[in-house]
Every structure is written in C-alpha cells, then in structure tokens.
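Notes follow once the structure below has been shown.
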Amino acid sequence: MNQKLEANTLKVVANNNGFQVKGDVKINGQPAALDYRKLNDADADIKLSATLDDASRARLGLDLGPAVSGAIPIKVIGKIGDHDSRVG
C-alpha cells in the first residue's frame, strides 16, 4: 500500500524451515501489531492488528463515509505470494 513501516524492535526467528518477524510497528504513524511468517517454498502468512481513528483512516486513504466515526479495531489476516495475495 506504499505506506512507511517503522519499528523500534522486532523479534526475528529464523531456522531451516523459514522465518518469522513479530512485534509492534507503526504504519504511517499508526501503532499496530505485526506477525509475518514465511516458510520455505510457501506463501507468507501475515497478521496485522490496529485501532484506527478518523485521522488515521484519512492518512491511510480509507474513506468509510459519515456513517463510521471514532476508533475502530481492525485485524488483517492473509497470505502474500509471488503471484497471488489474499488479504481479509
């Protein structure tokens, strides 16, 4: 989504099967929790959770109209692959 990702500390675990990156991050200044797992020869699994208020939704370009206001908790779960990505 062409957003800047910042993190002071991330936990990275790597072994012969693949790697995992986990920790607290900021996406375009918005705090979030990230869990990214990539096994060898498989798509990467991603889990991202955050709470978006009106200002952070505007910064990220998420326009939900006047029907939604205030802070909304979100969870993004999906798979990221070389040829196909599925995020829900």
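The values are calculated or read from the model by the stated rules, or taken from the named source; none is laboratory data. Bear in mind the structure is a predicted one, so any value in this text is a computation, not a measurement. All Cβ positions, glycine included, derive from the backbone under ideal geometry; neighbour counts span all protein chains shown. The area values use the complete protein model at the heavy-atom level, side chains included, leaving out ligands, DNA and RNA. Shrake-Rupley method; radii C 1.70, N 1.55, O 1.52, S 1.80 Å.
Annotations
- Picking from residues in region 70-82 that are assigned to a loop (DSSP other than H, G, I, E, B) and open to solvent by 40 Å² or more (accessible area, probe 1.4 Å), the one that is modelled with the lowest pLDDT is 82.
- Of all the listed residues (67, 33), the sole one being at negative phi, assigned to a loop (DSSP other than H, G, I, E, B) and of a type in the set (Gly, Ala, Ser) is 67.
- Within region 1-24, if we keep just the residues that are within 19 Å of residue 85 (Cβ to Cβ) and in a strand (DSSP E or B), the residue that is least open to solvent (accessible area, probe 1.4 Å) turns out to be 18.
- Region 41-61 residues that are without any contact (Cβ under 8 Å) to a residue 24 or more places away in the chain and open to solvent by less than 30 Å² (accessible area, probe 1.4 Å), paired with ones that are in a strand (DSSP E or B) and hydrophobic (A, V, I, L, M, F, W, C) (beta carbon under 9 Å, 6 or more apart): 52/72; 52/74; 57/72
- If the condition is being touching a helix residue (DSSP H, G or I) at 6+ places or on another chain (Cβ under 9 Å) and more than 18 Å from residue 22 (Cβ to Cβ), then region 40-85 contributes 52, 62, 63, 64, 68, 69, 70, 71, 72.
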